[in-house]
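First the structure, in the form of structure tokens, and then the observations on it.
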Amino acid sequence: MWRSWLRLREPGLRLLNRPAGDPAASVRPRSAPQPPARAYVPPTERKRFYQNVSITQGEGGFEINLDHRKLKTPQAKLFTVPSEALAIAVATEWDSQQDTIKFYTMHLTTLCNTSLDNPTQRNKDQLIRAAVKFLDTDTICYRVEEPETLVELQKNEWDPIIEWAEKRYGVEIGSSTSIMGPSIPAKTREMLINHLASYNMWALQGIEFVVAQLKSLVLTLGLIDLHLTVEQAVLLSRLEEEYQIQKWGNIEWAHDYELQELRARTAAGTLFVHLCSESATVKHKLLKE
């Protein structure tokens with residue numbers, strides 16, 4: 001069980017058993033900005049009404065076909081994605097549904113709908129600033145003053161991630177025990193805004209989605225930059241919860257469900273970012289004969 005990695009009584013208090021220099025850690029702050037309404041709330045379930053799923057290339061990109069019907073967005077726009085790799089991933093979501101379509105499990109489809117319809121009508125600059133704003137309440141920048149074991153755990157696990165981000169992006173982030181959080185220099189915000197500006201609108205939708213899941217821009221950058229795995233990023237974003245669970249126990253089914261859901265959403269958002277930046281074309285595939 002991965003939770004056995006958390007060894008609170010061992011010297012050094014490390015969250016993950018890994019070689020020195022490997023990535024790591026994060027806790028959820030006491031308060032975090034509410035993520036803006038960025039995506040549709042998909043319907044819960046619907047009986048599957050199609051047999052075959054395929055993709056085709058149209059004038060505006062790659063389309064998803066459910067039998068002979070072209071998939072549409074909630075605003076009735078043609079569902080068209082910029083890369084064939086993303087189209088295959090979305091088609092796989094639809095093809096993997098059984099007798100019942102469980103829309104709440106189809107995170108890639110939801111992110112595509114949001115990118116196509118842009119229901120909040122935000123431009124690129126607004127998406128970037130929304131993501132950077134999470135620095136003000138970034139999970140791994142908030143530190144407790146007690147108990148000592150949690151203080152040490154936070155230091156051992158979160159400091160290496162902050163140090164990596166500061167070196168990687170040439171910025172100053174820091175941490176604080178104040179409820180107001182750390183004071184983020186204006187130059188740091190400017191540098192990260194410039195970095196995020198290198199992504200297209202679709203990828204930025206995915207980045208903001210992952211930031212909202214982890215409550216951390218720093219962890220998201222580590223994840224997108226392949227410095228962290230999804231499992232590591234999620235575990236680090238839940239450091240304080242896992243500490244409390246280790247100490248007091250948990251409601252087994254509820255904790256496991258929440259953990260798996262967070263992993264699924266984070267993985268989907270990360271995959272979405274990379275696939276939206278994918279320029280290579282892969283061979284057309286019929287997903288179900």
Packing-based ranking, highest mean first, of 106-115, 193-202 given that Cβ atoms within 10 Å are counted: 106-115, 193-202
Stokes-Einstein, Kirkwood over Cα pairs, the stretch 115-169, 20 °C, 1.002 mPa s; D in µm²/s equals 155 µm²/s
Given pairs Lys72/Lys124; Lys47/Lys72; Lys70/Lys102; Lys102/Lys215; Lys155/Lys215 and cut-off 22 Å on Cα-Cα distance, the over-length ones are Lys72/Lys124; Lys102/Lys215
Would you work out which of Val171, Asn123, Phe134 lies farthest towards the positive end of the dipole of the stretch 67-216, given +1 charges on the beta-carbon of Lys and Arg and -1 on that of Asp and Glu, about the Cα centre? Asn123
Roughly how big is the stretch 124-277's charge dipole about its Cα centre, with Cβ charges of +1 (Lys, Arg) and -1 (Asp, Glu), in debye to the nearest 20? 680 debye
Mind ranking 52-59, 80-87, 125-132 by how tightly packed they are, going by the mean number of other C-beta atoms within 10 angstrom, highest first? 80-87, 125-132, 52-59
For the stretch 160-236, accessible area per residue (1.4 Å probe, heavy atoms of protein chains only), Å²: 40 Å²
Bounding extents of the stretch 183-231 in its principal axis frame from Cα atoms, largest first in Å, are 31, 25, 18
Order these peptides, 223-230, 208-215, by their mean beta-carbon neighbour count within 10 angstrom, highest first. 208-215, 223-230
Give me the accessible area per residue for the stretch 53-117, probe 1.4 Å, as a whole number in Å². 42 Å²
Cubic angstrom per residue, convex hull over Cα atoms of the stretch 124-277: 104 Å³
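The values are calculated or read from the model by the stated rules, or taken from the named source; none is laboratory data. If you're wondering where the values come from, they're calculated on a predicted model, not measured in any experiment. A quick note on method: Cβ atoms are made from the backbone with ideal geometry, for glycine too, and the neighbour counts reach across all protein chains shown. Heavy atoms of the whole protein, side chains included, go into the accessibility calculation; ligands, DNA and RNA do not. Shrake-Rupley method; radii C 1.70, N 1.55, O 1.52, S 1.80 Å.
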